[in-house]
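Every read-out reported here was derived from the displayed coordinates using simple, explicitly stated rules and does not represent laboratory data. All values reported here derive from a predicted model rather than from experimental measurement. Positions of Cβ are generated from backbone atoms using ideal geometry, with glycine treated the same way; all protein chains shown enter the neighbour counts.
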Amino acid sequence: MTGQEKTEGCVFCAIPGGDEALTYLLHRGAHWYVVLNRYPYNGGHLLLVLNRHAATLGECAPQELQEMAQLLAVMERALVECFNPDGLNCGYNGGRSAGAGIPEHLHLHMLPRWAGDTNFMSTIGETRVMPLTLDQAWVRLRPVLARLAGAGA
């Protein structure tokens, strides 16, 4: 398989062609798109997803890496503006053994963090408390991301 082919049934390949509100698509770039994670660790958990299949950063072209850096900065600014977090986590899981749920389609995570957001509910109760729905996060983040991405961040 080349980097240009798409695997049938890949959830990340289906998102750009779907309804933005239903897929929680926030921004489309030339090489990447930003979407809310459907299984968030915290409210506002974003994914930056490559528009094509590649498994690693090493498979990305220079222009894809450049846009990735620009969009990560936009995502950071949007999360800070919308949620005023105490901190942020950003990264990707390279390979299934590193925790990648969809290792063949490169995507990066960025999520806001607050002091005390990890508590007994997730560690003992295996439950997450989400004070913000995906719909609420999408409505809040979409115009901010559009403004910041349009400004060239």
Discussion item. Sequence gap at least 6, Cα distance under 8 Å: using those rules, report the relative contact order of segment 1-105 to the nearest whole percent.
Written reply: 23 percent
Worksheet entry | Label-reachable residues, segment 39-73, where backbone N falls under 12 Å from a point 7 Å from residue 97's Cα toward its Cβ | none
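Want the number for residue 21 to residue 61: 0.36 nm per residue separation, take away the alpha-carbon distance, what's left? Before the final figure, lay out the partial values.
On the way: separation 40, 0.36 × 40 = 14.40 nm, distance 2.97 nm.
That pair, residue 21 and residue 61, stretches by 11.4 nm at full extension.
Is the shape of segment 1-115 rounded, prolate or oblate, going by the alpha carbon gyration tensor and its root eigenvalues a ≥ b ≥ c, with a/c under 1.5 for rounded and a/b larger than b/c for prolate?
In terms of gyration-tensor shape, prolate.
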Item to complete: Apply the Karplus parameterisation 6.51 cos²θ - 1.76 cosθ + 1.60, with θ equal to phi minus 60°, to every residue of segment 48-58 and state each ³J(HN,Hα) to the nearest whole Hz, in sequence, with x for glycine and proline.
Response: 10, 10, 5, 6, 9, 6, 7, 9, 9, 4, x
Worksheet entry | Residues with amide H under 5 Å from that of residue 24, placed H, sequence gap 5 or more | none
Worksheet item: Can you list the residues, at least 5 places off or on another chain, whose amide H is less than 5 Å from the amide H of residue 51, using H built in the peptide plane?
Response: 32, 33
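If you put +1 on each Lys and Arg Cβ and -1 on each Asp and Glu Cβ, how big is the dipole of segment 11-150 around its Cα centre, in Debye rounded to 20? It would help to have the intermediate numbers written out before the result.
Details: 10 positive and 12 negative charges, 22 e Å.
Charge dipole of segment 11-150: 100 debye, to the nearest 20.
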Response to the item:
Between residue 115 and residue 39, the FRET efficiency computed from the C-beta separation at R0 = 25 Å comes out, to the nearest 0.05, as 0.60
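Take each of the peptides 23-33, 80-90, 98-108, 44-54, average the number of other beta-carbon atoms within 10 Å over its residues, and list them starting from the highest. Let's see the in-between values first.
On the way: 23-33: 19.0, 80-90: 14.3, 98-108: 16.5, 44-54: 22.0.
Descending packing order for the listed peptides: 44-54, 23-33, 98-108, 80-90.
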Response to the item:
Pseudo-spin-label distance residue 81 to residue 136, built 7 Å along Cα→Cβ, given in nm, is 2.1 nm
